[in-house]
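Each remark here refers to the structure printed beneath this line.
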Amino acid sequence: MNDADGHSSERRAVTARAPRNGLIAAECQALTGGSPDVDGVANCDTIARISRAAFVHRGIAVFARAATLDELVERVRERWDADMDADRFRIDVHDPSQRCSSTTIEIATAFADVIPFGPDLRDPLHRFLVIAGEDGFTFGAVEAEADGSYRDHDAKPWTTSSSLDSRFARALVNLVPDARSILDPCCGAGSIVLEAASLGLSAFGVDWKPALVGMTRENLAHFGYDAGVELADSRTHAQTADAIVTDLPYGHAIESDEHGIRAILEQSASQAAAGVFVAPADISTWLASAGYIDIGVHTVLKRRGFTRWVHVARSQHAP
């Protein structure tokens, strides 16, 4: 579809909305090149990677934009090309801030009246999205959607009280979308390794506890994924990869584990050029001391006031 105002290449993404979850914006930026606004809408460079997303729901090719909903309906009417196929279409509405005075059904009907094809709400071949945003109204064709495949891993045979949920783990892997190989040096029951393997990446897991190594291997086997899992000390283990992605081990007070965590960070800096590290506090200074630069920090407030700090950094020491 082409926008007569020259926006034929304009793409937008729609994300989940959770103000206290900085991982949503971080994943959207990493996968699409755009950051979502308060309505969960981002102007994107690309939507090609949305299928793997955890918090980015869909991507659209913008067809028309206008200041009001009525104007947008008219623009769609004017710009519709006779050669455009939209048989069996469905129209959805994204209006989280309730800027529209009309109901979703009324909005969908208004646009359906100017599209010269029949709708199919149950099994559509074409999907369109109307976005009500701070900058006006947008109509576009849905060209990408998250497949939600991470949800399958919620049924993994083994988990622990500290295991990351599958959606969180998938988003962490997505923070390094160009990486072809992922190493989790503190793999636990394998949540991150599962997500990396499921995306077709070369995945490696390491843990110093035999029971956890066994859990990771069994979880991988349950889904038929191939990944390398080793029993080893992450402070000295020398496996290399494109990126380290890990939930660091820590007790009730991270300060009591400082020596061990710093050793893991220093080793990690020599193993991969990119790193994603989850901790219960800001460890940016530890990362800098280990040789990391361009350190970005994203916070995720969990239940009962517990905050996870997600650090994304680049190593100066990786081969």
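The values are calculated or read from the model by the stated rules, or taken from the named source; none is laboratory data. Since the structure is predicted, the reported quantities are computational estimates derived from the model, not experimental observations. Heads up, the Cβs are rebuilt from the backbone with ideal geometry, glycines too, and the neighbour counts pull from every protein chain shown.
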#### Entry: Selection within the range 44-69 - more than 14 Å from ALA26 (Cα to Cα) and free of Cβ contacts under 8 Å to residues at least 40 places away in the same chain
ASP45, THR46
### Message
What's the total number of residues in the range 268-296 that are under 21 Å from GLU27 (Cβ atoms), in contact (Cβ under 8 Å) with a residue 40 or more places away in the chain and surrounded by fewer than 17 Cβ atoms within 10 Å (Cβ to Cβ)?
### Response
1
### Query
Looking only at the range 297-319, which residues are free of Cβ contacts under 8 Å to residues at least 12 places away in the same chain and within 21 Å of the chain's Cα centre (by Cα)?
LYS302, ARG303
### Task
Could you please find all residues in the range 31-90 being more than 30 Å from ASP152 (Cβ to Cβ), touching a Phe, Trp or Tyr at 6+ places or on another chain (Cβ under 8 Å) and not hydrophobic (A, V, I, L, M, F, W, C)?
ARG65, THR68, GLU71, ARG75, ARG79, ASP85, ASP87
### Task
Could you identify the single residue in ASP37, ASP85 that is modelled with pLDDT under 95, closer than 24 Å to THR104 by Cα and of a type in the set (Asp, Glu)?
ASP85
